[in-house]
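Below is one structure, written out as structure tokens; comments come after it.
The values are calculated or read from the model by the stated rules, or taken from the named source; none is laboratory data. Being a predicted model, the structure only gives us computed values, none of them experimental. Note that we place each Cβ from the backbone using ideal geometry, even for glycine, and neighbour counts take in every protein chain shown. What goes into the accessible areas is simple: the full protein's heavy atoms, side chains included, and nothing from ligands, DNA or RNA. Shrake-Rupley method; radii C 1.70, N 1.55, O 1.52, S 1.80 Å.
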Amino acid sequence: MRSALVCGVAAFVLLAAGFATTAQAQQTGSGTATYVPAKIKKMELPDGTMLERSHLRTVVVADDPAVPFHMSTQDCLGTNILDAEGNLLTGRGYCDGVDGDGDVWWIWWNNGPTGGDWGFMGGTGKYEGITGGGTTTFEGATPDSRLVITWEGSWEMM
């Protein structure tokens, strides 16, 4: 379950990378996300590894509460490959985020055992035309499969 959480966390990190209202100005940000699994399904693969599909939910928290997506909700879908002991080998997926104004943004994510990278795929409203991305770091998991990540990144709003 840790791997599903890592995937979700990476996805959150991408969404959590604060947004600024200044047109075409590069911005940077950081924060945390705690992912709660909505659904996780595992399947053994012929080589002994496990495929894990997950749907994770979180609220993106930015270190700077002035960023527009601070406290946005996020849903992430992804697939992880785990070794025979259940350790994450690799994972990929995407997330959508919805801020308090109802504007939506999308990110992709790639994860490994300790973290990963992410990038914006687009958005609506203030996020239309957004570009950029960043990295995530796996901070830990709880016994009930919640996952905590930290994220950082940079982006440009069009």
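Some points to look at:
- Accessible area (Å², 1.4 Å probe, nearest 10) - Met158: 100 Å²
- Karplus-derived HN-Hα couplings along region 108-123 (A = 6.51, B = -1.76, C = 1.60, θ = phi - 60°), whole Hz, x at Gly and Pro: 9, 8, 10, 10, x, x, 10, x, x, 10, 8, x, 6, 10, x, x
- For region 55-70, the Karplus equation 6.51 cos²θ - 1.76 cosθ + 1.60, evaluated at θ = phi - 60°, returns couplings of 10, 10, 10, 7, 10, 7, 10, 9, 4, 9, x, 7, 5, x, 9, 4 Hz by residue, with Gly and Pro reported as x.
- The length gained by stretching the chain between Glu85 and Lys39 to full extension, at 0.36 nm per residue less their Cα-Cα distance, is 14.5 nm.
- When region 78-138 is described by a simple charge dipole with +1 on each Lys and Arg Cβ and -1 on each Asp and Glu Cβ, the residue from Thr114, Ile130, Tyr94 located farthest towards its positive end is Thr114.
- Counting only Cβ charges, +1 for Lys and Arg and -1 for Asp and Glu, the dipole size of region 35-148 around its Cα centre is about 300 debye.
- Global dimensions of region 19-128 from alpha-carbon coordinates: Rg and Dmax equal 15.8, 51 Å.
- The residues of region 43-111 expose on average 49 square angstrom of accessible surface per residue, using a 1.4 Å probe on protein heavy atoms.
- Förster radius 22 Å - calculated FRET efficiency between Asp144 and Thr114 (Cβ-Cβ, nearest 0.05): 0.55
- Of all accessible heavy-atom area on region 32-158, the percent that carbon and sulfur account for (1.4 Å): 54 percent
- Stokes-Einstein D in µm²/s, Kirkwood radius over Cα pairs - region 64-115 at 25 °C with 0.890 mPa s viscosity: 194 µm²/s
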